Amino acid sequence: MAMRDLKSGLAFDEALNAIEKGSDTNCTAIDSQGFSSVVHVVNVGAPGITFSTSNKVDIELEHSDDNSTFTDVTSNTDVTGGTVDSSGVFQTIDANGDCNKVYAIGYVGGKRYSRVVLNFSGT
């Protein structure tokens, strides 16, 4: 009997390369065809500003049937390993202590495509 390791059942796709961001960004959508779920991983680096409740980044999850029209993921039954709010936000970076960390959320909803969106507020 052949053994399968975890890597053999996974496909990896980079939706956003590791570069400095300073404005709203729609990451590349991930196509879940052939898979039962997607894990979105966001690696947040060093802060370039002093974050606060007015200078922040909301990390949001969206989904789509056609990879063209996206809507916020607002139901917690569509995600694993975290929660989303009514705007699809699953993490807010509003303090410098939130930086240099990795955040992840699983998508198990019924739509074929899902993506992360970075929404910047303040300066």
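No lab work stands behind these numbers, since they all come straight from the coordinates. Remember, it's a predicted structure, so these values are computed and weren't measured experimentally.
Once the Cα-Cα distance is subtracted from the 0.36 nm per residue extended length, the ASP24 to SER75 segment shows a gain of 16.1 nm. Based on alpha carbons, the Rg and Dmax found for the range 32-106 are 13.7, 42 Å.
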